[in-house]
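The values are calculated or read from the model by the stated rules, or taken from the named source; none is laboratory data. Quick caveat: nothing in here was measured; it's all calculated off a predicted structure. Heads up, the Cβs are rebuilt from the backbone with ideal geometry, glycines too, and the neighbour counts pull from every protein chain shown.
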Amino acid sequence: MGPFKSFNLRKSTIFLLVSSSEIDLTLKFEPRNMYLGLKKQLNFPINLTRKNDRSLDDLSIEQFYKEKDLASKYLTLELYADKHTAMVHVNDKKVYYMYNQTLKIDNTHSTQRQQGVHMLVLHPHTGRVMNEMHHMTRTPIAYRGLVAALKTLGKGRLILLVGVGSWRDYMPDEADEILADIVGGIMSPNVAMGEMWACVATVGGPVWAEATTTIKLEKGEIYSPPLTMTAVIPKSVEDRGCHWYSEPAMAKRAHFCELYEGYGDFCDCDNPAVISPDKAPPLPMNETIPIISITSRRQYKLLGQLRQLFQMAGGGTTPILLSVDGLQEEAKDFAEVMNLTAIFHRNPAKAGTNVRINEHIKFSILHGFLHFKDADKIIILEDDLVLSPDFISYFHQTAPLLDADDSIFAINAFNYNSFVPYAVDASRLYRAQTFPAYGWMVNRKWAQEILPRWAPKTHAVDWDWWLRGFCLDGRSIVAPEVARTFHQGYGGVHVTGWEQALFFDRRPLNKDPQATVNISYLAEANYEAYLHEEITRGTLLIIKEHPCIKEYIPKRKVGTFVIYFSMDDYSDEDTFFALHGCLGAYERGRMENYKFLYSFGYYGNHVYTIGCPVSPYCVLANNNTDPDLIYTANATDYRQTQVYLEPTQSLAYKTYRRRRVPPESLSEEINMDNYIQF
């Protein structure tokens, strides 16, 4: 291509050179205006050299002292990305590394865990890693974790971002806008699928370096070449000098906030948040029920949960024990700042596996009862849950059930079979032979029985499935129609991004701090009598048209409705799916049953669907001779329900992929506008 004198270029222009091969890019001191030279060279203070073996370079005495002086005044940051790897060096020391990790989605699908956005926050003076996160943005919902993390960062911190593999697949415009607003990067919106990206910036300050490698279309590449980017930037002052740092009462927090990032207004320089149990409203209690808060590396999430607990009734008098997976220094410091007790689990299981989670749940229950020797009950609470304002009150209202009825296995704050806008009755409770899940309460007697029967370390199963399959023994779990917890996950080992988007994001959370529940009918004998009356008095619905086409239940409160459907055993899913997918219930939730009777709310109505002939409640239909009494779906019905659910699934699974295409002009190629979105 011949020389040219002027061109319509953006700041990102020069970094397109990265696409030609694997190179080193060094940016010193501060961002400058960049110009493209007429023939051969780049006329700005960025040193671009082909990657070579630095161990063969000669180093003079003058260069030695120059580099030593440089290290005392500047931070040298090297970011590396390829389709399998994310790696970061600070002053030649490797501080972050992730390579080729496969995450199982279900029995037939998996994803590459390392593909996503890796974020490190550094102290701008020491170069210390104050926070590190990995957001699997090649899966749905994960971008929300990135956005939430960016919003918590303090001004002046150094942020390092590395985009690996198909990191752009589920990144909407909102995420790009936040990146541009907080980080200042300009290239990420034009990065296409499979292209590596890196950025170094000061929060609220300059972008020191940003680079990408683009796919070589002529080679038919799926992923772009590896990217190495080096930035040399000046160190800042030792700390931010916040006015409250000098206050003796705030000394521990000041020290904490100079070591760790991601705590938002808790470490705000101008107006640090007050998060204390002292202002929590009182709650009458018949007993003390401690909370065992399960955490690992997400104390910033735990802070938000504590903020909620300390604002609700009973939050000031409920003991809280932090159960930390691993020997985490940050968790120790966090507990000290928050004046909480923490226990640390030297977990032998491999990180990122369900076995490790299983072992830590078991550890937390055991040590919860050991620590609170006088407590008869404890609440198990994971750190990725948002709480309703009556969370503590709910458990105290339901606690007598564990005293009175041995057939109740646990009390849940969560209900799988509950979705917006159908579930609305915050006072209603169910019994179901399901899982303990997302905030649950058990008593000491339960722990003495179940912990010896816990999932073995040799079994790579989820602890909740193990408990249901091998420990439930016909007992029930009590759960609310409207949940008292909301799972705020961004895609992980236990809940994938797809599951979060399709199911968990659609579940309701009670907003009423004064909500009360009726437990009088929940004891086993009472519940059997209650169900018998509900079923015999309820309106029997006979499904003759497809339930997704005909509206059988009104969208207003009328009463109780009963449907019988074909189900031979737990594995019989076709009719279950075809029916429940149309009624606002959990179409995959065959486990959410009480003796194969399924209970859920529908705009204030009580709905009971009864599997026949497997459920003992089928006998209540014996006096009806209508041949269509028991709904049986055929293949067409099954497919029709799938079609009915497709809009919901499509919205949850929406991608934002950009595919690199041949450029129509040099300007389009240089500005990386040669892509299509699909």
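Report whether or not GLY368 is at positive phi and in contact (Cβ under 8 Å) with a residue 24 or more places away in the chain.
So GLY368 fails the test.
Can ASN339 be described as within 23 Å of TRP465 (Cα to Cα), without any contact (Cβ under 8 Å) to a residue 60 or more places away in the chain and either surrounded by fewer than 21 Cβ atoms within 10 Å (Cβ to Cβ) or among the charged types (D, E, K, R) (or both)?
Judged against the criteria, ASN339 is not a match.
Quickly run through region 638-656 and pick out the residues that are within 30 Å of TYR675 (Cβ to Cβ) and in contact (Cβ under 8 Å) with a residue 24 or more places away in the chain.
The answer is THR648, GLN649, ALA652, TYR653, LYS654, THR655, TYR656.
Determine, yes or no, whether ILE159 is in contact with a Leu (Cβ under 7 Å, 6 or more places away or on another chain) and without any contact (Cβ under 8 Å) to a residue 40 or more places away in the chain.
no
Under 23 Å from GLU528 (Cα atoms), crowded, with 18+ Cβ neighbours inside 10 Å and either acidic (Asp, Glu) or assigned by TED's automatic domain parsing to the domain that holds LEU531 (or both): is that true of GLU481 in this structure?
So GLU481 passes the test.
Determine which member of the set ASP278, ASP268 is closer than 17 Å to ASN131 by Cα and surrounded by fewer than 18 Cβ atoms within 10 Å (Cβ to Cβ).
ASP268
List, please: which pairs have Cβ atoms under 8 Å, are six or more places apart or on different chains, and start with a residue in region 198-219 that is surrounded by fewer than 15 Cβ atoms within 10 Å (Cβ to Cβ) and end with one that is assigned to a strand (DSSP E or B)?
Once the first residue is surrounded by fewer than 15 Cβ atoms within 10 Å (Cβ to Cβ) and sits in region 198-219, its partners that are assigned to a strand (DSSP E or B) give LEU217/ARG660.
Condition check ((1) closer than 24 Å to GLN114 by Cβ; (2) in contact (Cβ under 8 Å) with a residue 12 or more places away in the chain; (3) touching a helix residue (DSSP H, G or I) at 6+ places or on another chain (Cβ under 6 Å)) across all residues:
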residue: THR230; (1), (2), (3): yes, yes, no
residue: LYS252; (1), (2), (3): no, yes, yes
residue: LEU259; (1), (2), (3): no, yes, no
residue: ASP265; (1), (2), (3): no, no, no
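Hey, does region 293-301 have a residue that's buried (at least 19 other Cβ atoms within 10 Å of the Cβ), farther than 25 Å from PRO389 by Cα, modelled with pLDDT of 95 or more and touching a strand residue (DSSP E or B) at 6+ places or on another chain (Cβ under 6 Å)?
no
Looking only at residues in region 437-465 that are aromatic (Phe, Trp, Tyr) and more than 23 Å from the chain's Cα centre (by Cα), which one is surrounded by the most Cβ atoms within 10 Å (Cβ to Cβ)?
For region 437-465, the residue satisfying everything is TRP446.
Would you be able to tell me the number of residues in region 582-599 that are within 19 Å of THR536 (Cβ to Cβ) and either modelled with pLDDT under 95 or in contact with a Ser or Thr (Cβ under 6 Å, 6 or more places away or on another chain) (or both)?
4
Here is a list of conditions, (1) part of a loop (DSSP other than H, G, I, E, B); (2) modelled with pLDDT of 95 or more, and ASN131 meets all of them except one; can you say which number that is?
All conditions are met except number (1).
Out of the residues in region 432-463 meeting the condition of being among the charged types (D, E, K, R) and modelled with pLDDT under 95, tell me which one is farthest from ASP383 (Cα to Cα).
Result: LYS457.
Report, by residue number, each residue of region 176-204 that is touching a Ser or Thr at 6+ places or on another chain (Cβ under 9 Å) and in a strand (DSSP E or B).
MET196, TRP197, ALA198, CYS199, THR202
Being surrounded by 13 or more Cβ atoms within 10 Å (Cβ to Cβ) and closer than 30 Å to GLY116 by Cβ is the filter here; which residues of region 662-673 pass it?
Scanning region 662-673 gives PRO663, GLU668, GLU669, ILE670, ASN671, MET672, ASP673.
On the given criteria, is ALA423 of a type outside the set (S, T, N, Q) and either in a helix (DSSP H, G or I) or surrounded by fewer than 19 Cβ atoms within 10 Å (Cβ to Cβ) (or both)?
no
Within the set of pairs 6 or more residues apart or between chains, which connect a residue that is loosely packed, with under 12 Cβ neighbours inside 10 Å inside region 94-105 to a residue that is at pLDDT 95 or above and not polar (S, T, N, Q) with Cβ atoms less than 7 Å apart?
These pairs meet every condition: LYS94/MET87.
Criterion first (outside any helix (DSSP H, G or I) and either surrounded by fewer than 16 Cβ atoms within 10 Å (Cβ to Cβ) or β-branched (Val, Ile, Thr) (or both)) does THR636 satisfy it?
no
Within region 552-582, track down each residue that is in contact with a strand residue (DSSP E or B) (Cβ under 7 Å, 6 or more places away or on another chain), over 18 Å from PRO613 (Cα atoms) and crowded, with 18+ Cβ neighbours inside 10 Å.
Scanning region 552-582 gives ILE553, PHE561.
Can you tell me which of (1) buried (at least 17 other Cβ atoms within 10 Å of the Cβ); (2) under 30 Å from ALA142 (Cβ atoms); (3) at pLDDT below 95 is the one THR641 doesn't meet?
(3) is the only condition that THR641 fails.
Which of the following residues is over 30 Å from TRP465 (Cα atoms) and at pLDDT below 95: ASP333, ASP270?
ASP270
Any idea which residue in region 351-392 is surrounded by the fewest Cβ atoms within 10 Å (Cβ to Cβ), counting only those that are among the basic types (Lys, Arg) and over 18 Å from the mean Cα position of the chain (by Cα)?
LYS373
Being part of a helix (DSSP H, G or I) and either at pLDDT 90 or above or not β-branched (Val, Ile, Thr) (or both): is that true of ASP473 here?
no
Take the residues of region 600-631 that are outside any strand (DSSP E or B) and of a type in the set (Gly, Ala, Ser): which is modelled with the lowest pLDDT?
ALA621
Rundown of residues vs (1) among the basic types (Lys, Arg); (2) within 28 Å of THR398 (Cα to Cα); (3) in contact with an Asp or Glu (Cβ under 7 Å, 6 or more places away or on another chain); (4) outside any helix (DSSP H, G or I), yes/no style:
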position	(1), (2), (3), (4)
LEU509	no, yes, no, yes
TYR530	no, yes, no, no
THR536	no, yes, no, no
PRO547	no, no, no, yes
TYR552	no, no, no, yes
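State which residue pairs qualify: first residue under 19 Å from LYS252 (Cα atoms) and inside region 274-290, second residue of a type in the set (A, V, I, L, M) and modelled with pLDDT of 95 or more in any location, beta carbons under 8 Å apart, and separation of 6 or more residues or different chains.
These pairs meet every condition: ILE275/LEU303; ILE275/LEU306; ILE275/MET338; PRO277/LEU309.
If you scan region 207-220, which residues turn out to be touching a Gly at 6+ places or on another chain (Cβ under 7 Å) and more than 16 Å from ARG657 (Cα to Cα)?
Selection gives VAL207, GLU210.
From the list GLY316, GLY304, GLY262, exactly one residue is assigned to a loop (DSSP other than H, G, I, E, B) and either in the same structural domain as GLY205 (by TED's automatic domain parsing) or under 30 Å from CYS199 (Cα atoms) (or both). Which is it?
From the options GLY316, GLY304, GLY262, the qualifying one is GLY262.
So, in region 450-459, how many residues would count as being part of a loop (DSSP other than H, G, I, E, B) and within 23 Å of GLU592 (Cα to Cα)?
Here the count works out to 2.
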